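Enquirer: Here it is, the structure, as structure tokens.
Only the coordinates and a few stated rules stand behind these numbers; no lab work does. Keep in mind it's a predicted model, so treat the numbers as computed, not measured. Positions of Cβ are generated from backbone atoms using ideal geometry, with glycine treated the same way; all protein chains shown enter the neighbour counts.
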Amino acid sequence: MATDKGKVTSHGEFLTGTASQEHPEGGTFLVSIYSTQATTNSCRISNKLDKDGLTSFGGAALLIDCFREHLNVRQLLDSLPIEKAPWATYTLGDDLETRLVAYALGIERIEHMDVIEHDPLLRIKLDLDKLPHKTSLYRALDRFSGPEHVTC
């Protein structure tokens with residue numbers, strides 16, 4: 001609701017969806033609109049789905065399978081001559097495969113890795129309990145510091 005000065009009042013709504021052909025499971029959606037000194041067209045809207053384990057990267061399963069089974073990306077990454085310390089949480093192959101998948105999913109910058117950091121599908125498909133933190137990914141790229149590390 002907009003006032004005469006163009007400000008938006010603060011409110012939230014629950015919308016209950018019913019089963020349909022497009023969404024047979026139905027669902028409950030929480031929509032919160034936070035008031036700011038903004039117009040009705042520029043308000044922040046956050047939503048929460050009531051299904052656990054949903055991911056917006058469902059197509060990543062096929063992509064990761066293709067990387068591993070047809071392109072042998074994991075074997076190639078594990079055969080790199082650069083190694084991490086034996087006590088490291090992730091191998092260099094884990095770091096680089098995570099980065100490749102993220103890049104293929106449209107996450108071009110390591111700084112934006114928090115978008116997928118807790119994605120359940122990616123953790124399962126990459127065989128990791130938790131995806132590497134962005135600092136680990138930066139350190140993995142720093143290992144390719146000289147020409148001897150990047151030539152085939």
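Enquirer: Could you give the length gained by full extension between residue 61 and residue 144, i.e. 0.36 nm per residue of separation minus their alpha carbon distance, to one decimal place?
Expert: On the way: separation 83, 0.36 × 83 = 29.88 nm, distance 2.81 nm.
Here the segment from residue 61 to residue 144 would lengthen by 27.1 nm.
Enquirer: I would also like to ask the following. Quick one: net charge of residue 67's neighbours, Cβ under 14 Å, K/R +1, D/E -1? Don't jump to the answer; show the numbers that get you there.
Expert: Working: positive: 68, 74, 99, 125; negative: 65, 69, 78, 94, 97, 127.
Cβ neighbours under 14 Å give a net charge of -2.
Enquirer: Just check segment 84-150 against the gyration tensor rule for me: Cα atoms, a ≥ b ≥ c as the square roots of the eigenvalues, rounded for a/c under 1.5, and otherwise prolate or oblate depending on whether a/b exceeds b/c. Could the numbers behind the result be given before it?
Expert: Details: a/c = 2.03, a/b = 1.37, b/c = 1.48.
Oblate shape, in that a/c is at least 1.5 and b/c is the bigger or equal ratio.
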